[in-house]
Amino acid sequence: MKNNWLTLSLLLLAFVANGQTRLFVEPSFPQIAHGHKIIAIVPFRTTILLRPKQMATLLDGQLEKMQEDESRGIQMSMYAWFLKRKQQGSMWVDVQDASKTTAILARNGINYANVGDHTQEEIAEILNVDAVVSGTFVTDKPMSDGASLALGLLVGFWEATNKATINMFIHNAEDGKVLVNYNKAVAGSVGSSNDQLINIIMRKASRRIPYTKPRV
């Protein structure tokens, strides 16, 4: 299973080299979204692909902890992105506070490690929201401050740019239908933050997401 995940992660990161972007929007999304009032963002499944020399310096469990921290950073940055649009009046659906989302999931025994064991309908029901934003994130360098600082001490870590691929989904709560699937590969400068990355990724997607347009 671990080998299969690593293979998938490598394939996703390979999109960076080709600069590929894929965006699918369910044709009926505008009609479905009309009845939506609130959405939630759950932790993204994150993979940090380090070089063997970097891996050799890590303690047991340190990579897993960095990946969970990175996932939390992506979740918070995406929440901030949606919240800013809401405050600007360019998005009419509400977004659940990411800290509240995490707390509700925790009370129901759901965390970063096992969130993938639950369907999006189940998660939406637990969170009491109309749609769930989720996905995967693959990078060769962490963006979160703590992980970046730790790995910055490793030889050669700061030599190259950050490369990352995000595969985002928006699922409808009622039936689990995929309303949006957005796969985007980006390359940022050394020290790029989660907020900068999400702004780059969401710039194009926002023009196609019905939440940022007048209701049908």
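The values are calculated or read from the model by the stated rules, or taken from the named source; none is laboratory data. Please read these numbers as outputs of a predicted model, since none were measured by experiment. Cβ placement follows ideal geometry from the backbone for every residue including glycine, while neighbour counts extend to all protein chains displayed.
I'd like to know if region 158-177 contains one or more residues that are in a helix (DSSP H, G or I) and modelled with pLDDT under 70.
yes
Could we say that Q96 is under 15 Å from K37 (Cα atoms) and surrounded by 14 or more Cβ atoms within 10 Å (Cβ to Cβ) here?
yes
Have a look at A40, A33 and point out the one that is under 16 Å from the mean Cα position of the chain (by Cα), at pLDDT 80 or above, buried (at least 17 other Cβ atoms within 10 Å of the Cβ) and within 30 Å of W92 (Cα to Cα).
Going through A40, A33 in turn, just one is under 16 Å from the mean Cα position of the chain (by Cα), at pLDDT 80 or above, buried (at least 17 other Cβ atoms within 10 Å of the Cβ) and within 30 Å of W92 (Cα to Cα): A40.
Taking region 178-204 only, how many residues are touching a Leu at 6+ places or on another chain (Cβ under 9 Å) and either of a type in the set (D, E) or at pLDDT below 75 (or both)?
Residues flagged as touching a Leu at 6+ places or on another chain (Cβ under 9 Å) and either of a type in the set (D, E) or at pLDDT below 75 (or both) within region 178-204 amount to 2.
Which pairs do you get when a residue that is buried (at least 17 other Cβ atoms within 10 Å of the Cβ), found in region 205-216, comes within reach of a residue that is in a loop (DSSP other than H, G, I, E, B) and among the aromatic types (F, W, Y), reach meaning Cβ atoms under 9 angstrom, with the pair 6+ apart or on two chains?
Y211/W92; T212/W92
Filter region 53-81 down to the residues that are among the hydrophobic types (A, V, I, L, M, F, W, C) and in contact (Cβ under 8 Å) with a residue 60 or more places away in the chain, then identify the one that is nearest to V133 (Cα to Cα).
Residue satisfying both the conditions and the ranking: M78.
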